[in-house]
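Below is one structure, written out as structure tokens; the observations come after it.
The values are calculated or read from the model by the stated rules, or taken from the named source; none is laboratory data. Because the structure is predicted, anything quoted here is derived from the model rather than measured. Glycine gets a Cβ as well: all are built from the backbone with ideal geometry, and neighbour counts include every protein chain shown.
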Amino acid sequence: MWKYLFRRFLSMLFTVWVISMLSFALIQLPPGDYVTTLVNQLVATSAGSSTISSEYIEQLREMYGFNQPMYVQYFKWIGKILTRGEFGYSFVYKRDAAVMITERLPMSFALSFASMILVWAVALPIGIYSAVRQYSLGDYIFSFMGFIGLAVPNFLLALILLFITYKYFDKAMIGLFSQEFASAPWSMAKFVDMLKHLWIPATIIGLGGTAGLIRTMRANLLDELNKPYVETARAKGLSERRLLWKYPVRHAMNPFISTIGWALPGFVAGDVIVSIVLNLPTSGPVLFNALKAQDMYVAAGFILMLSILTVIGTFISDILLAMLDPRIRLQ
Amino acid sequence: MRKYALNILILLVMLLSACKTPTPTQAPATTAPATKEAPAATAVPKTEEPKATEEPKATEEPKATEEPAAPASKYIESPMLAARVQAGELPPVDERLPANPRIIEPLVETGKHGGEMRFGMVGTSTTWGGMLFVAAWEHLTSWKPDFSGVEPNLVESIDVSDDVTTYTFHMRKGMKWSDGVDFTADDIAFYIEDVLFDPDLSPNGPGADWIPTGQGPDMKFEKIDDYTFRLIFPKPYGTFLYVLAQWQGRYFAQYPKHYLQQFHKKYNPNVDELVKQDGTVADWIALFNKYGGGGWGDPEAFYLYPEKPSLYPWITVQPMGTGTQVRLERNPYYWKVDTSGNQLPYIDSILVISYQDAESRTFAMLNGDIDALKDPGNDNRIIYHDAKDEGKPINIYYPKSDGANTNSVHFNQTIADEYKASVFADINFRIGMSYAINRQEIIEIVHNGQGTPAQVAPNNDGPLYIEGMDTQYIEYDPAKATEYLDKVFTNGKDAEGYYLDDKGKRFEMIFTVQNDLSYGTTYVQVAELLIGYWDKVGVKATLNSIATDPYEQARKDNTIECIIFTGEGGAGITPILDPRYYVPLHGYQAYFARGWYAWRVNETDSVQVEPPQWAKDAYAKYEEVLMQPTQEKQIEKMKIVLQEAKERFYVLGISRPGEMYYPYSSRLGGIPATWYDGWAEGVEKITYPEQWFIKE
């Protein structure tokens, strides 16, 4: 087991290193850089004036270090991260990129965690019910709703919800805090205020996931239910409930465990579009803006961190799977 | 994806609102003093502070001040500041104000001190999100509220020499930065001598957008005494005072010497210590630019670093930091009072709230979570009017656009392809293409029926109106279009009815549209319609809808053949101040002459094309306008330029701008019923937001 873990860990480091290069190269792919964005903003606003000389633009590029070859920029960047833990500087926000990446994390975690709990709490029982009572009325109803949930994009739900709350409750539900708490330090009142707002985005983001999970759970469990060991257990007189929970459900859970790894990056940059539509102060929109404005250190740092989380998540999944399912060999 | 989603929302909203009987909305009748007619060209740039020394009538009792009979003071301050004075944190109001403060006559009614305005912005920049137009924009001169001319603002008075080369500025004695330090000629000297003329901070030599191109090195600055300074230009510069009132004038309030000198090598030999402490910058130049405005007069530093002293009505007390809000509070040393002696601004504080998306901000406005915003969006016009009709606490105001047209359509006469360039340079081509456009249909489909068909031309009610310039070739007449286009394409048409080029192949051009401009959301739609119209008369155009970065590359390479853009140069004297569509070689975004412009300003990273003699002459004629000492003479000379622009017909227009609208919370007072809105006027700044007030 330890040898297996060690090997997995080494390959993980290698993967992260490759990803770090890829992510840095990736964000440089689109034409232009932050200076282009800046110059365009200037042009758009200082209409007609000929303020921006090409010398000045060159000067800016020099100042930001965009004139160096990409591999030099990369080694400077990664070197700072490794030696000093510095992720560089956000051109747009004029602040430390690391702060930009981390400051909204608690909010993102809260939201993603809430929606994940919701998804599991709703989807697993329904999936089990649907499988056990296959082709019953309840199964049909849940399947129908599940398909709709799968088919409707989250952001559309968010929009519809915004509209309904505005139209019928006179106040559109946007944001994660009331205005007076937005800048306030954390307190019990602020936390309660957040909970009041949290359930809406959590439900919206969770809904699509719920539908998917119901379908997967149902299909997996159906596979298991027809296997001979279930018959055997039943024949030996095990109660239906005990039988169900102890064996087939446990097996049917395998796919979920192996995708826990994917949940980790989801915690950080959950549903970007829903966050934008509902004006949630989560980290997804920060990544989105950074990519849009070519704020490259923030974007690269973000992508690097998401990748690392994915790799770690996969690692955790592997360990959990190995523990949960003795059939998986440690090779 | 997001666009798509929003479109669906808008569709939903429109469907629902379609079920209601539309109520025609009218401009709210306010008690605004009758606005003077259009910016009549009366004011010569001659400038005395109106009733400068007149004692303000302190008629109004300071409200809500329970303090026992304080010594009668000349000015009335906000209770918020009175409390701080009593606590000993601030000197009394009379000592904070200059001997001769700027007196503002309230545009609607005398307001009252207090309250907080909540301002919604989108994105990350407090400046561009809207505070530039509300809380910054304090220049040496400012526009009169009716846009008829300018008045001294930061300074008391300005003397102009007869040959309009020498400008002497008399500053306000006792005027202070927001930290209580005097604002003197030394601050201006610091900007000019230690920033503009500093070889490290301005490595390309002294140049700024308020200095005519190339005149920087020969411009002279003289400090006469602590409160007087002089600027001397090598050539006559008749429009200088107007230029100062616009964005170009921002620098003069941005360099508090006592604060910024710590970042300047000349004043602080140990500046490298600060560079090291900072950690984000490489050298002192970058450090200075960080706090000093990035080398281009960026006001954002005032919102990022509360410790930077300012001259603005509100100063930052809480920057955005890790949150989504910025808090501004009144500047206790603000140097303007109303006619009753109340120190301005009226509003105590501003809370700027950042939204991730324009439409969630729309909801916030409808919710009543915010009081004001910038760029409400043309698509939301119906939504806001419906909300107002439903009794939401919203007032809608109708400023007049200072623009000449909704769009300008350019055919680039300077591209490398010689045949195409010759086609685009042929006036018959442009006339033909203009006749092919069904402008009324565009107005109906894209602009909700707002506006009237027109070319890009100065407004009919302005001093620079040129008879017939706005109405030439605007009829929708495919037959006439064909008549003119036949003169251009002598090789006839192909089997499918498209014109052939000189080699006998189908003539095809690429219509580029920048699709991510916040102010250009309708451009693609208009371009698609235009392509359809031109198709009908046999000119093949292909849409190339691109984002900023590839567009920027095409601009530099000068490969843009046809493009759609804004329509500046309508109201008042704006055609003189921003003549980009009337004068070849002038404007960065005058795409019809893109290569010529690059040649004139020597853009080293762009393709430059030497203009023909007539174009150089046309530009020289415009330069002559700027040298005229009086506005009458400037107008006279500009009319010659415009007459030529009419004859040469550089760009195609679509429609006069329709009615603009701005929603504000009904809590807000002091906003006039209408104003001239545009970049030159500082958007809302011409309504003097320091005299807005909270009604409740």
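A few comments on the model shown:
- Looking at B:T548, B:T566, B:T559, B:T512, just one residue is farther than 21 Å from B:E496 by Cβ, touching a Cys at 6+ places or on another chain (Cβ under 8 Å) and polar (S, T, N, Q), and that residue is B:T512.
- Residue within region B:171-181 that is more than 14 Å from chain A (Cβ to nearest Cβ), closer than 30 Å to B:P463 by Cα and out of contact with any His (no Cβ under 8 Å at 6 or more places or on another chain) present: no
- Within the set A:G206, A:G212, the sole residue that is touching a helix residue (DSSP H, G or I) at 6+ places or on another chain (Cβ under 8 Å), at pLDDT below 85 and either surrounded by 18 or more Cβ atoms within 10 Å (Cβ to Cβ) or not assigned by TED's automatic domain parsing to the domain that holds A:N154 (or both) turns out to be A:G206.
- Beta carbons closer than 8 Å, at least 6 apart along the sequence or on distinct chains, pair a first residue in region B:638-656 that is at positive phi with a second that is β-branched (V, I, T) for B:F649/B:I427; B:F649/B:I431.
- Helices (runs of 4 or more DSSP H) enclosed by region B:220-305 - at least 1 residues per element that are closer than 30 Å to B:K685 by Cα and modelled with pLDDT of 90 or more: B:240-245, B:257-260, B:284-292, B:301-304
- Matching helices (runs of 4 or more DSSP H) fully within region A:233-293 where at least 1 residues are modelled with pLDDT of 80 or more and within 14 Å of chain B (Cβ to nearest Cβ): A:272-277, A:284-292
- Which numbered condition B:Y597 fails, given (1) more than 10 Å from chain A (Cβ to nearest Cβ); (2) buried (at least 23 other Cβ atoms within 10 Å of the Cβ); (3) in a helix (DSSP H, G or I); (4) at pLDDT below 95: (1)
- Subset of region B:377-407 that is aliphatic (A, V, I, L, M) and under 22 Å from the mean Cα position of the chain (by Cα) - its residue that is modelled with the highest pLDDT: B:I396
- Condition met for B:K336 (at pLDDT below 95, more than 13 Å from chain A (Cβ to nearest Cβ) and touching a strand residue (DSSP E or B) at 6+ places or on another chain (Cβ under 7 Å)): no
- The lone criterion from (1) within 13 Å of chain A (Cβ to nearest Cβ); (2) not in a loop (DSSP other than H, G, I, E, B) left unmet by B:I640 is number (1).
- Within region B:136-149, residues that are among the β-branched types (V, I, T) reach partners that are assigned to a loop (DSSP other than H, G, I, E, B) with beta carbons closer than 7 Å, at six or more positions or on different chains, in the pairs B:T141/B:N153.
- Residue check, B:I394 of a type in the set (A, V, I, L, M), in contact with a helix residue (DSSP H, G or I) (Cβ under 6 Å, 6 or more places away or on another chain) and surrounded by fewer than 22 Cβ atoms within 10 Å (Cβ to Cβ): yes
- Residues in region B:360-387 that are within 10 Å of chain A (Cβ to nearest Cβ) and charged (D, E, K, R): B:R361, B:D369.
- Qualifying strands (runs of 3 or more DSSP E) (wholly inside region B:344-423; at least 2 residues being over 27 Å from A:P281 (Cα atoms)): B:394-397, B:408-411
- Check on B:P145, assigned to a loop (DSSP other than H, G, I, E, B), within 23 Å of B:I694 (Cβ to Cβ) and under 21 Å from the mean Cα position of the chain (by Cα): yes
- Hits in region B:308-333 - residues which are at the interface with chain A (Cβ under 10 Å from one of its Cβ atoms), β-branched (V, I, T) and in contact (Cβ under 8 Å) with a residue 24 or more places away in the chain: B:T324, B:V326
- Condition check for A:V192: over 21 Å from the mean Cα position of the chain (by Cα), of a type outside the set (F, W, Y) and surrounded by fewer than 14 Cβ atoms within 10 Å (Cβ to Cβ): yes
- Within region B:262-289, residues that are more than 14 Å from chain A (Cβ to nearest Cβ) sit with their Cβ atoms under 6 Å from residues that are charged (D, E, K, R) and in a loop (DSSP other than H, G, I, E, B), at 6+ positions apart or across chains, in these pairs: B:V271/B:K265.
- One residue stands out in region A:156-165 among those that are surrounded by fewer than 20 Cβ atoms within 10 Å (Cβ to Cβ) and either of a type in the set (F, W, Y) or touching a residue at least 24 places away in the same chain (Cβ under 8 Å) (or both): the one that is nearest to the other protein chains (Cβ to nearest Cβ), namely A:F163.
- Contacts under 8 angstrom Cβ, first residue in region B:187-208 being within 13 Å of another protein chain (Cβ to nearest Cβ) and more than 16 Å from B:K220 (Cβ to Cβ), partner assigned to a loop (DSSP other than H, G, I, E, B) and among the polar types (S, T, N, Q), 6 or more apart: B:N204/A:S53
- Residue in region B:575-594 that is assigned to a helix (DSSP H, G or I), at the interface with another protein chain (Cβ under 8 Å from one of its Cβ atoms), out of contact with any Phe, Trp or Tyr (no Cβ under 7 Å at 6 or more places or on another chain) and over 15 Å from B:V641 (Cα atoms) present: no
- Being within 14 Å of chain A (Cβ to nearest Cβ) and closer than 18 Å to B:K336 by Cβ is a description that applies to B:A136.
- Within region B:339-359, being within 14 Å of another protein chain (Cβ to nearest Cβ) and touching a Phe, Trp or Tyr at 6+ places or on another chain (Cβ under 6 Å) holds for B:I350, B:V352.
- Selected residue (criterion: modelled with the lowest pLDDT) from residues of region B:533-580 that are within 22 Å of B:S434 (Cα to Cα) and of a type in the set (V, I, T): B:T566
- Test: A:G32 is modelled with pLDDT of 60 or more, surrounded by 17 or more Cβ atoms within 10 Å (Cβ to Cβ) and outside any helix (DSSP H, G or I): yes
- Helices (runs of 4 or more DSSP H) fully within region A:55-139 counting 3 or more residues that are closer than 27 Å to A:F191 by Cα and small (G, A, S): A:105-132
- Scanning region B:388-417 for residues that are more than 30 Å from B:D146 (Cβ to Cβ) and within 14 Å of chain A (Cβ to nearest Cβ) yields B:E390, B:G391, B:K392.
- Of all residues making up region B:104-133, the number that are among the charged types (D, E, K, R) and away from every other protein chain (no Cβ under 14 Å): 3
- Within region B:271-306, the residues that satisfy the criterion of being within 23 Å of B:A189 (Cβ to Cβ) and more than 27 Å from the chain's Cα centre (by Cα) are B:V271, B:L274, B:W284, B:I285, B:L287.
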